[in-house]
Each structure stands twice: as structure tokens, then as C-alpha cells.
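Report on the structure given below.
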Amino acid sequence: MLSAKIYIQSLLPVNPGFGKFAGHCSKTEEILWINHQLSEWCALNGVKFINLFDQFKNDDNQQMNPRYTND
């Protein structure tokens with residue numbers, strides 16, 4: 001029987017500064033809520049949660065750091 005390790009990663013931050021995907025760029029609060037729910041579920045179920053959101057956001061706000069994307 002094969003076994004697999006399951007990892008769940010957070011949703012990434014968004015940044016309206018690029019002028020793309022306007023419908024997504026106002027969803028920061030929803031993204032933070034989903035990431036919190038994912039983290040809690042993982043903790044309860046013994047699944048590794050990888051928080052990429054905090055690594056990809058700007059230091060001074062919750063938006064995607066432009067250094068990591070062009071869209």
C-alpha cells in the first residue's frame with residue numbers, strides 16, 4: 001500500500017496595483033478567513049499547513065509584494 005503526505009497551503013495575497021483581476025483584489029478579508037479555516041482544519045486533522053500568505057505579502061500591509069508577481 002502506498003502512503004502519501006498531505007500538505008495544504010494558504011491562499012496567496014492579492015494586489016490591486018497591477019490592474020488585473022479586479023474582482024479578486026477586494027477579497028483580502030475573505031482570503032484571511034479561508035486561510036484561518038484551513039489552518040484550523042489542518043491542526044485538527046494532523047495535516048501540515050504551509051502559510052505562504054505571510055511570506056508573499058508586503059511587510060507593511062496585506063497585499064501581494066510586487067517582487068513576487070507581475071499580475
Applying the selection to region 19-33, what residues are within 19 Å of Q55 (Cα to Cα), among the hydrophobic types (A, V, I, L, M, F, W, C) and open to solvent by 50 Å² or more (accessible area, probe 1.4 Å)? L32, W33
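Matching residues to (1) touching a Lys or Arg at 6+ places or on another chain (Cβ under 7 Å); (2) of a type in the set (S, T, Y); (3) at pLDDT 95 or above:
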site	(1), (2), (3)
S3	no, yes, no
N15	no, no, no
T28	no, yes, no
S39	no, yes, yes
N51	no, no, yes
R67	no, no, no
In region 24-42, how many are of a type outside the set (S, T, Y) and either under 17 Å from N70 (Cα atoms) or touching a strand residue (DSSP E or B) at 6+ places or on another chain (Cβ under 7 Å) (or both)? 4
Scan (1) open to solvent by 100 Å² or more (accessible area, probe 1.4 Å); (2) without any contact (Cβ under 8 Å) to a residue 40 or more places away in the chain; (3) among the polar types (S, T, N, Q) for the single condition Q9 breaks and write down its number. (2)
Being open to solvent by 80 Å² or more (accessible area, probe 1.4 Å) and not in a helix (DSSP H, G or I) is the requirement here; does N61 meet it? no
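The values are calculated or read from the model by the stated rules, or taken from the named source; none is laboratory data. Because the structure is predicted, anything quoted here is derived from the model rather than measured. Using ideal geometry, Cβ is built from the backbone for each residue, glycine included, and neighbour counts are taken over all protein chains shown. Ligands, DNA and RNA are stripped out before the accessible areas are found, and what is left, the full protein with its side chains, is counted by its heavy atoms. Shrake-Rupley method; radii C 1.70, N 1.55, O 1.52, S 1.80 Å.
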